[in-house]
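First up is the structure itself, then whatever we jot down about it.
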Amino acid sequence: MTTGFKLTRKGITAALEPGERSLLRDLFSDVASMLEPETPAQEDPLAAMIGMDTSAELPEDPALLRLLPNGVHGNDDDALEFRRLTERSLREGKIGALRAASMALEASPLHLDSEQARHFARALNDVRLVLGSRLGLETDEDAEALHSITEPDDAQDVDDYLALVYNFVTWLQETLMKALLDTLPAD
């Protein structure tokens, strides 16, 4: 039986069905593949060390742009320069979190320490950003329409099935965030 994340004596814990684990592994892998740079790492050791990528460009894929948004608004040249200075390390950090979350899925039930929980939350968020982009989620009305699809029998097409996955990932992320909030001091 699937349970959301809860704070327990063993850490942050959840029980997931094998199919749900497989789905999450596939989603984490798909998003990590999207984030793999198209160009090899910079040959200049200093540029590689600081994560600089002189070939970085604005992503054409709207989902990838949601994962890697412009860091500067209103000035395309500055935005591109900022992207070239930061994008490679941002990609690597996101890929690392997705891989760490995928590895955490090997345990059953799932027990996360605070660092694993942060990686898992980051991975779930990136999956939601991609799914939201693919589903055209832009407004509160769009979100309400997605959240109205709750049963597999309600799904009529691919977008409806993606909405079901989006809702599952949203629910899982919400339970994880509540469990993480429970770890904070009660001040």
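The values are calculated or read from the model by the stated rules, or taken from the named source; none is laboratory data. Keep in mind that what you see is a predicted model, and the values were worked out from it rather than measured. Here the Cβ positions follow ideal geometry from the backbone for every residue, glycine too, while neighbour counts run over all protein chains shown.
Taken over segment 122-166, the criterion of being hydrophobic (A, V, I, L, M, F, W, C), touching a Phe, Trp or Tyr at 6+ places or on another chain (Cβ under 8 Å) and within 15 Å of L68 (Cα to Cα) is satisfied by A123, V127, L131.
The single condition among (1) in contact (Cβ under 8 Å) with a residue 12 or more places away in the chain; (2) among the aliphatic types (A, V, I, L, M); (3) in contact with a helix residue (DSSP H, G or I) (Cβ under 7 Å, 6 or more places away or on another chain) that V72 does not satisfy is (1). The test for being crowded, with 17+ Cβ neighbours inside 10 Å, more than 22 Å from L16 (Cα to Cα) and within 20 Å of the chain's Cα centre (by Cα) holds for L146.
Enumerate the helices (runs of 4 or more DSSP H) found wholly within segment 1-87, keeping only those where 1 or more residues are polar (S, T, N, Q). It would help to see each step written out before you state the result.
Numbers: elements: 18-35, 45-50, 62-67.
Answer list for segment 1-87: 18-35.
Under 7 Å by Cβ, and 6 or more places apart or on different chains, what pairs join a residue from segment 90-101 that is at pLDDT below 95 with one that is assigned to a helix (DSSP H, G or I)? Partner pairs satisfying both residue conditions: R91/L35.
Pick from R66, R84, R88: which is surrounded by 15 or more Cβ atoms within 10 Å (Cβ to Cβ), of a type in the set (D, E, K, R) and closer than 14 Å to L129 by Cβ?
R66
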